[in-house]
Amino acid sequence: MAVKSKKIYANVEVINGKINVGYDNTIINGDKSSITGGSSNSIDGEHSIIGGGSSNTVSGTSASATIGGGNDNTASAEASTVGGGESNTASDIYTTIGGGVNNTASGEDSTVGGGGSNTASASSSTVGGGQLNEASDTRATVGGGASNTASGLESTISGGRSNEASGTQSTVGGGKTNTATGTGDVIGGGDGNAASNFYSTISGGDNNTASGNRSLIAGGRNNSSTGINSVVSGGDGNEASGNSSTIAGGEGNTAGGTFASTVGGGKDNTATSSKSTVGGGTDNSALGESSTVSGGVLNDSTGLASTIGGGTQNNSGGFASTIGGGNGNITTASQATIGGGTLNTASGEKSTVGGGINNTASANDSTVGGGDSNIASFLHSTVGGGKGNQAIETNATVGGGALNTSSGTKATVSGGESNDASGAE
């Protein structure tokens, strides 16, 4: 049987369906289809409807397709829908375009709410609105904004401009030129941020990079979190490269090593060994495992579990050695301690310099309390203070004064000047 076709130029007529109102509308193969108004509209499919508008087309023998109105819209698949707008195309089954202009819904069950030049090209993909947005993988979503692309499985971009979510279940909340490429990656917003690898997160900021598994950058700019479970809270130009490493803030800081290094803040500080810590300050380095520099400037804590509280240019190099502060102090032996002062050295195991200047405790368990240029150089030797005093035998003691020497075993000089206790007790 020949297919019946009829153009209606005015009012109402029924041919293979019904055309209620309009001008120059056409139904082909349109059993129970309707065009209820407008002009130059065309249906080729059963149970389909064009509500009105101009030059709209239901094509490809589509069944149950709908175009509400608008101009130059096309619904070319079963149960496809275009609500209105201009030059929109719904081309796969159950696709929907609410309105707007030059939008395309080409994946099964895909939706474009509106806007301009948006594309939902994969199954169950969605573009809410905006312009030049694309959702191109299964269940991918772009809420709005401009020039955003959600190309990963179940990826989401809420809005913003020129953002990309290409990882499976990755998310970009907004901002511009942000990129989430790994599985489960999240970027909240900001500008020029990049999250890669598994479940990395950037909350915001500018030009930050989170590339370690489960790494986090809360904000700031030019920060990098590359270690597994690493964190940069903020600041500028910080890098957390060790696994479980943390930088709270500051500028130009580095937390590296194999595990759990920390920089609290400050500038150009470095914690590069496992469980090492720099609290703050400038140009400080915690290089030994479990070493700590609390603050100050140009301090280096290089020994295992060594500590520097603060000051300037101090170096704590022995195991569990400690420098409280001061300037240019050095500990080189296990459990050696310098409280403060300037240019003091504790080089014996468990040796102690309390403070002063240019003092040296070089033997095990030796002590210099303070003063200037004092030396305790034998086991258990002690100089309390003064200037230029020396305890140079086991258990020798100089209490104070100047230029005194205790050179006998258990010998003692209490004070004065230029005294020498050389005999044994």
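Can you confirm whether region 318-330 contains a residue that is closer than 20 Å to Gln390 by Cα and assigned to a loop (DSSP other than H, G, I, E, B)?
Within region 318-330, one or more residues are closer than 20 Å to Gln390 by Cα and assigned to a loop (DSSP other than H, G, I, E, B).
Taking every residue in region 65-77 that is without any contact (Cβ under 8 Å) to a residue 60 or more places away in the chain and pairing it with any residue that is among the aromatic types (Phe, Trp, Tyr), at least 6 positions away or on another chain, the pairs with Cβ-Cβ distances below 9 Å are Ala77/Tyr94.
Conditions (1) part of a loop (DSSP other than H, G, I, E, B); (2) among the β-branched types (Val, Ile, Thr); (3) surrounded by 24 or more Cβ atoms within 10 Å (Cβ to Cβ), marked per residue:
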site: Asp109; (1), (2), (3): yes, no, no
site: Ser124; (1), (2), (3): yes, no, no
site: Gly129; (1), (2), (3): yes, no, no
site: Gly152; (1), (2), (3): yes, no, yes
site: Thr168; (1), (2), (3): yes, yes, no
site: Gly174; (1), (2), (3): yes, no, no
site: Gly184; (1), (2), (3): yes, no, no
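The single residue among Glu86, Glu134 that is charged (D, E, K, R) and surrounded by fewer than 20 Cβ atoms within 10 Å (Cβ to Cβ) turns out to be Glu86. Quick check on my filter: what residues within region 113-122 are assigned to a strand (DSSP E or B) and within 8 Å of Asn103 (Cα to Cα)? Matches in region 113-122: Gly116, Thr119. Do you know which residues across region 131-150 are part of a strand (DSSP E or B) and touching a residue at least 24 places away in the same chain (Cβ under 8 Å)? The answer is Ala135, Val142, Ala150. Selection within region 13-33: residues that are at negative phi and surrounded by fewer than 18 Cβ atoms within 10 Å (Cβ to Cβ). The member of this set that is modelled with the lowest pLDDT is Asn20.
Candidates Ala363, Ala411, Ala424, Ala391: the one that is hydrophobic (A, V, I, L, M, F, W, C) and at pLDDT below 95 is Ala424. Here the condition is being surrounded by fewer than 24 Cβ atoms within 10 Å (Cβ to Cβ), of a type in the set (S, T, N, Q) and at pLDDT 95 or above; of Ser261, Ser245, Ser274, it holds for Ser274 alone. Filtering region 301-320 to residues that are in contact with a strand residue (DSSP E or B) (Cβ under 7 Å, 6 or more places away or on another chain) and under 17 Å from Lys275 (Cβ atoms) leaves Ser301, Thr302, Gly303, Ser306, Thr307, Ile308, Ser316.
Could you run through region 353-386 and say how many residues are outside any loop (DSSP other than H, G, I, E, B) and either surrounded by fewer than 21 Cβ atoms within 10 Å (Cβ to Cβ) or charged (D, E, K, R) (or both)? Residues meeting the conditions: 2. Exactly one residue out of Ile67, Ile43 is in contact with a strand residue (DSSP E or B) (Cβ under 6 Å, 6 or more places away or on another chain), farther than 23 Å from Leu153 by Cβ and modelled with pLDDT under 95: that is Ile43.
Could you say whether any residue in region 54-69 is in the same structural domain as Ile28 (by TED's automatic domain parsing), over 19 Å from Gly30 (Cα atoms) and not in a loop (DSSP other than H, G, I, E, B)? Reasoning before the result, please.
Initially, region 54-69 is screened for residues in the same structural domain as Ile28 (by TED's automatic domain parsing), giving 54-69.
If we keep only those that are over 19 Å from Gly30 (Cα atoms) too, we end up with none.
No, that holds for no residue.
Within region 209-242, the set of residues being closer than 19 Å to Thr183 by Cβ and either part of a loop (DSSP other than H, G, I, E, B) or touching a residue at least 40 places away in the same chain (Cβ under 8 Å) (or both) comprises Ser211, Gly212, Asn213, Arg214, Ser215, Thr226, Gly227, Ile228, Asn229, Ser230.
The values are calculated or read from the model by the stated rules, or taken from the named source; none is laboratory data. Keep in mind that what you see is a predicted model, and the values were worked out from it rather than measured. Note: ideal-geometry Cβ built from the backbone for every residue, glycine included; neighbour counts use all protein chains shown.
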